[in-house]
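Participant: Below are the structure tokens for one structure; questions will follow.
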Amino acid sequence: MLKFYRMETLLGGMKNILFPSLCFCCNEYVPQQLPLCSRCRDRLRPVGFSKIPSRTIRRHLSAGSPSPDNLSLFSAFEYTPQIKELIHHFKYTAHHRYLSTYISRLLEETLITHALDVSRYDALIPVPMHASKLREREFNHAALVAEALANDRRVLCVPELLSVKRPYPLQAHLSAQERLHNPLNRFALNPACASAYSGKAFILYDDVFTTGSTALSCINELLKLQPAKILILTFAKASLHG
Ligand SMILES: [Zn+2]
């Protein structure tokens, strides 16, 4: 009987890991076994397209400034406490597979709302992670969401097109001023496949857009391919002063 009880507890624990039934944000019970309860879900604030400040472009783009028609920014939600919790669980807990699907679905809902058809782009590129960080974390969270989104929307996910030349400190550990300069010139195009993507239309995916330094450093590399257009797609958009 004790054995049976232990087994049942173990199975219950495993079920909770695989299908958590508490809201990641407020710990309320969620009958539908979703990461957010309906109250926290309703608190998400959609963003959509936003202008990249010209100061940000001047600061980070060295390979010439594309016109606003060729470079755009689309973020699904404001970086509210609910989104912050969701991203934290996604990055640092065992729920990453489950949450990558949930986040890609939320993203897709906002893309549909704005009639933004990602299948009009040739390649979806997640912001890369350095090999040492990848070994430590075991997965690139941006790549998981990009792959989930690519499966749903029939756009090619090409995580191998960009790589990180050297590791950089976690953005979360830096001041706003340090973040501005942190990842500059740390990305590189993969010479083995870059020529196949010359002149193509790209989507660059990252979880959060804050200073824009990470995304625009990646775009500095993509601009070498003279792309038709680039969309920066992020799950959240944070305020620099928030
Ligand atoms: Zn909640």
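A short reminder: the numbers here are calculations on the coordinates, not readings from a lab. Computed from a predicted model, the values in this text were never measured in an experiment. When we count neighbours, we look across all protein chains shown, and the Cβ atoms used for this are built from the backbone with ideal geometry, even at glycine.
Participant: Sorted by average packing, counted as other Cβ atoms within 10 angstrom per residue and highest first, what order do 77-90, 32-45 take? Kindly include the intermediate steps, with their values, before the conclusion.
Facilitator: Working: 77-90: 19.4, 32-45: 16.3.
With the highest mean Cβ count within 10 Å placed first, the list reads 77-90, 32-45.
Participant: Is the C-alpha gyration tensor of the range 44-237 telling us rounded, prolate or oblate? Criteria: a/c under 1.5 is rounded; beyond that, a/b larger than b/c is prolate, otherwise oblate. All intermediate terms of the calculation are to be shown ahead of the outcome.
Facilitator: Details: a/c = 1.23, a/b = 1.12, b/c = 1.10.
Judged from the Cα gyration tensor, the range 44-237 comes out rounded (a/c under 1.5).
Participant: Next up: What list do you get for Phe139, Phe202, Phe187 if you sort them by fewest beta carbons within 10 Å? Please report the intermediate quantities before stating the final value.
Facilitator: Numbers: Phe139 14, Phe202 25, Phe187 20.
Ranking Phe139, Phe202, Phe187 by Cβ neighbours within 10 Å, fewest first, gives Phe139, Phe187, Phe202.
Participant: Under a point spin-label approximation (7 Å from Cα along Cα-to-Cβ), what is the Leu156-Arg41 distance to one decimal in nm?
Facilitator: About 3.5 nm, to one decimal.
Participant: Still on this structure, I have one more. Considering only C-alpha atoms, what is the centroid distance from the range 22-61 to the range 80-151, in Å?
Facilitator: 12 Å
Participant: Could I ask something else about it? Note down the net charge around Phe90, summing +1 for each Lys or Arg and -1 for each Asp or Glu among other residues with Cβ under 15 Å from its Cβ. Please list the in-between numbers first.
Facilitator: On the way: positive: Lys84, Lys91, Arg97, Arg105, Arg137; negative: Glu85, Glu138, Glu147, Asp206, Asp207.
Charge balance near Phe90 sits at 0.
Participant: Also, quick follow-up: Please sort 233-239, 91-97, 105-111 by packing, taking for each peptide the average over its residues of neighbouring beta carbons within 10 angstrom, highest first. Write out the running numbers ahead of the final one.
Facilitator: Details: 233-239: 21.6, 91-97: 14.1, 105-111: 17.9.
Order by mean packing, descending: 233-239, 105-111, 91-97.
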